[in-house]
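Since the structure comes first, as structure tokens, the remarks are kept for the end.
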Amino acid sequence: MPVSALAAFWLLSLLLIAVPGPDWAFVLGAPRVLPAVAGLAAGYSALTVLVAAGVGALVARSAVAMTALTVAGGGYLIWHGARTLVRRPGPLERAATTGLFRQGVAVSALNPKGLLLFVALLPQFSRPSSAWPVWLQLAALGLTFVLTCVAFYLALGSVSRAVAAARPGVAAWTTRLAGAAMLGLGAALLVQRFTG
């Protein structure tokens, strides 16, 4: 696989990850960074496997499957956003590692825009003439995306925790903002799917 294609995909991935969305809201609202980011990585790894196996393209072509995925993803974001808003966080509140991990998997795996991103972008960076089979190229590109997500969200979460530790009032506002963002993003997904 050409290094230039991998580097171009990495740069595009970084730019897309840097745009705030459900993952940002989840990481900023999560009481613990590591299990939250590990969950996001696991969800995107699952999407990588689906796309490399060819299942992602089948799902993306099915209007019923995409509607079901959008409803599940939007509903989950609304539910999780509402829970985040209702929760009364402390400055460095603790939460169960497994619960945050599962929530992270759900946020990334149920993100229909994430699946479409994988289905639309990954194939454009693969080269049928390469010595690597296309499925292996797609897996390498997906892994590049996942590792970039992990690095970016660990940094984002760590910086936000450092700020919250220094200024406890910021933690409460960050959590409320993250909850509101998840509510808004979930509602936007549903509205866009049923009106667009």
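The values are calculated or read from the model by the stated rules, or taken from the named source; none is laboratory data. Note that the coordinates shown come from a computational prediction; the quantities given were computed from them, not determined experimentally. Don't worry about glycine lacking a Cβ; one is built from the backbone with ideal geometry, like all the others, and counts go over all protein chains shown. All accessible areas refer to the heavy atoms of the entire protein, side chains included, with ligands and DNA or RNA removed. Shrake-Rupley method; radii C 1.70, N 1.55, O 1.52, S 1.80 Å.
Side notes on the structure shown:
- Just one residue in the set 189, 183 is in a helix (DSSP H, G or I), at pLDDT below 75 and closer than 25 Å to residue 38 by Cβ; that residue is 189.
- Sole residue being more than 24 Å from residue 155 (Cβ to Cβ), modelled with pLDDT of 75 or more and in contact with a Phe, Trp or Tyr (Cβ under 6 Å, 6 or more places away or on another chain), chosen from 5, 72: 5
- Residue in the range 160-169 that is under 18 Å from the mean Cα position of the chain (by Cα) and at pLDDT 80 or above present: yes
- Scanning the range 87-110 for residues that are of a type outside the set (A, V, I, L, M), at pLDDT 75 or above and not in a helix (DSSP H, G or I) returns no hits.
- Inside the range 1-54, residues that are in contact with a helix residue (DSSP H, G or I) (Cβ under 6 Å, 6 or more places away or on another chain), among the aromatic types (Phe, Trp, Tyr) and open to solvent by 20 Å² or more (accessible area, probe 1.4 Å) make up a count of 1.
- Answer from 67, 84 - the residue that is modelled with pLDDT under 75, at negative phi and open to solvent by less than 60 Å² (accessible area, probe 1.4 Å): 84
- Every residue from the range 121-131 that is exposed (fewer than 14 other Cβ atoms within 10 Å of the Cβ) and not polar (S, T, N, Q): 127, 128, 131
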